[in-house]
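What follows is a set of notes on a single structure, which appears directly below.
The values are calculated or read from the model by the stated rules, or taken from the named source; none is laboratory data. Keep in mind the model is a prediction, meaning the values are calculated, not measured. FYI the Cβ positions are ideal-geometry reconstructions off the backbone, even for glycines, and counts take in every protein chain you see. For the accessible areas, the whole protein counts, side chains as well, though only heavy atoms, and no ligand, DNA or RNA atoms are used. Shrake-Rupley method; radii C 1.70, N 1.55, O 1.52, S 1.80 Å.
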Amino acid sequence: ITFKSAAAQFSLYFPTHYFKVIHTLENIITPEKLLTWLDQNRNICLVDVGCGAGAASIAFVEIILRLKEQEKITHPVNIYCLGIDVNQWTLAIYNQLITKLQLQVVSSKINLEFHISPTSIREAVLPVTGYLSQKREQWQQPFLCHVLMIHSTVVDLLSSQHKRQQQQYEELKNLGIKSDLIVGNHAE
């Protein structure tokens, strides 16, 4: 994986992932639901898995920014994004985009903070839990009301994990272990 390949993926896939997330936020979650959430609590977290260089994070912030511009949200909003990806070059693009976006949303009273996690989904569980806990403490809340986890680039992160699991399954079968003794449905 190189920066050039990450740039190619960015230019090819970013718009697709971005519009999938926009569609989901506008038509499935709905702006009305987001407004209800933000009326209840001005802090919201977004875990952007397989971050696609920030497609989900940027789409989410854009929806909130649009609601602010329409004056449907009049109070300050805190958004915490956590980008997870195994591709460090994609995370470099994520860092650049979110850093620029941070500066652009300040005038709209949106406090945008972020971290990146250069890991797979499985490896990110404990660190993500820790960062969300830190954010909860920083916001002085007993729990986080609104945490969205958006996984807009499924294939990249899960394909290597699937191949590894299939290989382990085959090795266990070759060692004489019956399929029905192996926890999980590795056959599929």
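Things worth noting here:
- A Cβ distance below 6 Å, combined with a sequence gap of six or more or placement on separate chains, defines the contacts here; from segment 1-24, residues that are over 23 Å from L46 (Cα atoms) reach residues that are surrounded by 12 or more Cβ atoms within 10 Å (Cβ to Cβ) and of a type outside the set (A, V, I, L, M) in the pairs I1/N87; F3/W89.
- Given (1) β-branched (V, I, T); (2) open to solvent by less than 30 Å² (accessible area, probe 1.4 Å); (3) within 23 Å of T129 (Cβ to Cβ), index of the condition V86 fails: (2)
- Of all residues in segment 140-161, none are hydroxyl-bearing (S, T, Y), modelled with pLDDT of 85 or more and not in a helix (DSSP H, G or I).
- All of L35, L12 fail the test of being in contact with a Lys or Arg (Cβ under 9 Å, 6 or more places away or on another chain) and surrounded by fewer than 17 Cβ atoms within 10 Å (Cβ to Cβ), apart from L35.
- Qualifying residue in segment 41-56 (condition: in a strand (DSSP E or B), open to solvent by 10 Å² or more (accessible area, probe 1.4 Å) and at pLDDT 90 or above): yes
- Looking only at segment 120-133, and only at residues there that are under 11 Å from L82 (Cβ atoms) and of a type in the set (V, I, T), the one that is surrounded by the most Cβ atoms within 10 Å (Cβ to Cβ): V128
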